[in-house]
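First the structure, in the form of structure tokens, and then the observations on it.
The values are calculated or read from the model by the stated rules, or taken from the named source; none is laboratory data. Bear in mind that the values here come from a model prediction, so they are computed numbers and not experimental data. Ideal geometry is used to build each Cβ from the backbone, glycine not excepted, and the neighbour counts take in all protein chains shown.
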Ligand SMILES: Cc1cc2nc3c(=O)[nH]c(=O)nc-3n(C[C@H](O)[C@H](O)[C@H](O)COP(=O)(O)OP(=O)(O)OC[C@H]3O[C@@H](n4cnc5c(N)ncnc54)[C@H](O)[C@@H]3O)c2cc1C
């Protein structure tokens, strides 16, 4: 059933290396029995590897419960370890002094819109050019989508370019925006204003469902996704080039000591490493500092807002699929940037949230309490009454915009998506720009590995793309001092401009 390629991996060789053979799987369903989970298959076939690499915790993207799994592994007759992938190649595997190490051509950190778009675009190019490069994605969430806040007004521009057939392939995007309202709130009233947003052609979606679906698409193309693993360190070579990442150690006690179940993290080495960690990614921050990426293009420091979001299930009679509402004003005071949003998704679900810029003047302001107040506003309370909370979470958003975009290329890789700050602040949308930046970085990566070009092509492509044009158009939205207009009003009135 499996054909082995005899060509060597192009990855740089490692000390003490063994070879990890990745066979060509002649049919997807032969990789694992249909419907069987990857982790189950891993551990059944060879319990030792699962535990040695820490793959016991492997949970796949999990969008379709009965979907075909694409990976597994077993020992061959010579005792070599074999990983089964959709595409076949020999993977270098080494046991360095203190930890296991696996070589890939491309290592991507983060399975959000940016990371998965990069993985998909890269593998599409491999198919088009009949090239065989390996890609792995590490995701710190227990499964793909677990750390993505649901409830999103999605602009499908990048997805149309990446997977134009998404409508036929059951992408979880099926609620077009049906109305777009904009209110100014006082403590007791809601005053309707013309909406500054243009959400025509956009959809109200669950972003976590979309990335799960994208995870499946990526796996179908041969991308290896490892959820449950945080990339916790950057690996450098002796010339200070990035050569991959190390995953976090497991079984560490609170005081830092090693527990009985301690497992050293794995080194995932990549000829190119793409950082797609989302807003204020920890490794991305280190890389920006290490290579002075802001200074390189005189970018300003990044600024942030906090977004608190809840997904509710409400009474069917009150539910209007596709309805979009943004508010400004109460409960935020006049010196605080921010506003709220309320999106009606499908299945009686709504997503409600409050965004508060983190430069608020009042040191006693508590964004969570402001959000609680918002839900008790007379025009919102009635909608939520009788409903229940299904999910909640909070995340930061980049607010720096165009002026805060760093040089996104470093020796050995690039930064993509919200890690680099591509969120369009006045639109409060960053999924489409994150995806497009991932696609452009993937094209540059392919150029490096296949055509011998360099990663700077990503920076050039970015500046000629619609992402740059969008961010440039919105460039004066946030930095302008708000002298005459109060914070919240300013936050949204600029959208009319
Ligand atoms: C409250 C709120 C509302 C929003 N509303 C909208 C909207 O309506 N429309 C819109 O288009 N955009 C919206 N956005 C912005 C949008 O969510 C982001 O722009 C988009 O998700 C960015 O994609 P990304 O792939 O760059 O990062 P993310 O979506 O943040 O994905 C990063 C992934 O990387 C993982 N990760 C991070 N660090 C590591 C690590 N070290 N190791 C392994 N994995 C790691 C994370 O777990 C996560 O899964 C909103 C954001 C917030 C916070």
Completion exercise
Here the qualifying pairs (Cβ atoms under 6 Å; residues six or more apart or on different chains; first in region 443-462 and free of Cβ contacts under 8 Å to residues at least 60 places away in the same chain; second assigned to a loop (DSSP other than H, G, I, E, B) and surrounded by fewer than 20 Cβ atoms within 10 Å (Cβ to Cβ)) come out as 447/453
Problem - Top-ranked residue in region 327-351 [being within 20 Å of residue 279 (Cβ to Cβ) and touching a strand residue (DSSP E or B) at 6+ places or on another chain (Cβ under 6 Å); ranked as farthest from the ligand (Cβ to nearest atom)] - result: 337
Practice task
Quickly run through region 113-127 and pick out the residues that are in contact with a strand residue (DSSP E or B) (Cβ under 8 Å, 6 or more places away or on another chain) and near the ligand (Cβ under 10 Å from one of its atoms).
Solution key: 115, 116, 118
Practice task
Would you point out which residue out of 258, 280 is outside the structural domain of residue 328 (by TED's automatic domain parsing), surrounded by fewer than 17 Cβ atoms within 10 Å (Cβ to Cβ) and within 13 Å of the ligand (Cβ to nearest atom)?
Solution key: 280
Handout entry: Test result for residue 391, at pLDDT below 95, more than 18 Å from residue 185 (Cβ to Cβ) and touching a strand residue (DSSP E or B) at 6+ places or on another chain (Cβ under 7 Å)
Key = yes
Practice task
Check region 481-492 and report whether any residue there is modelled with pLDDT of 95 or more, in a helix (DSSP H, G or I) and surrounded by 15 or more Cβ atoms within 10 Å (Cβ to Cβ).
Solution key: no
Exercise for the section: Filter region 128-149 down to residues that are near the ligand (Cβ under 10 Å from one of its atoms) and crowded, with 22+ Cβ neighbours inside 10 Å, then give me how many there are. Expected result: 6
Exercise for the section: For residue 425, state whether it is touching a helix residue (DSSP H, G or I) at 6+ places or on another chain (Cβ under 8 Å), closer than 21 Å to residue 108 by Cα and within 16 Å of the ligand (Cβ to nearest atom). Expected result: no
Handout entry: Pick from region 176-195, criterion within 15 Å of the ligand (Cβ to nearest atom) and not in a strand (DSSP E or B), ranking: farthest from the chain's Cα centre (by Cα)
Key = 195
Completion exercise
When (1) at pLDDT 95 or above; (2) closer than 19 Å to residue 380 by Cα are applied to residue 287, the one that fails is (2)
Practice task
Consider residue 365 carefully, then state whether it is touching a helix residue (DSSP H, G or I) at 6+ places or on another chain (Cβ under 7 Å) and either outside any strand (DSSP E or B) or more than 24 Å from residue 177 (Cα to Cα) (or both).
Solution key: no
Problem - Members of region 286-305 that are within 19 Å of the chain's Cα centre (by Cα) and either near the ligand (Cβ under 9 Å from one of its atoms) or loosely packed, with under 15 Cβ neighbours inside 10 Å (or both) - result: 286, 305
Exercise for the section: Within region 151-165, identify whether any single residue is touching a residue at least 40 places away in the same chain (Cβ under 8 Å), farther than 30 Å from residue 270 by Cβ, more than 17 Å from the chain's Cα centre (by Cα) and part of a loop (DSSP other than H, G, I, E, B), and answer yes or no. Expected result: no
Completion exercise
In region 261-277, anything at pLDDT 95 or above and away from the ligand (no atom under 16 Å from the Cβ) is listed as 271, 272
Exercise for the section: State all residues of region 402-422 that are out of contact with any helix residue (DSSP H, G or I) (no Cβ under 6 Å at 6 or more places or on another chain) and away from the ligand (no atom under 11 Å from the Cβ); if no residue qualifies, say none. Expected result: 403, 404, 405, 408, 411, 412, 413
Problem - Leading residue by the ranking (modelled with the lowest pLDDT) among those in region 352-374 that are more than 13 Å from the ligand (Cβ to nearest atom) and crowded, with 18+ Cβ neighbours inside 10 Å - result: 360
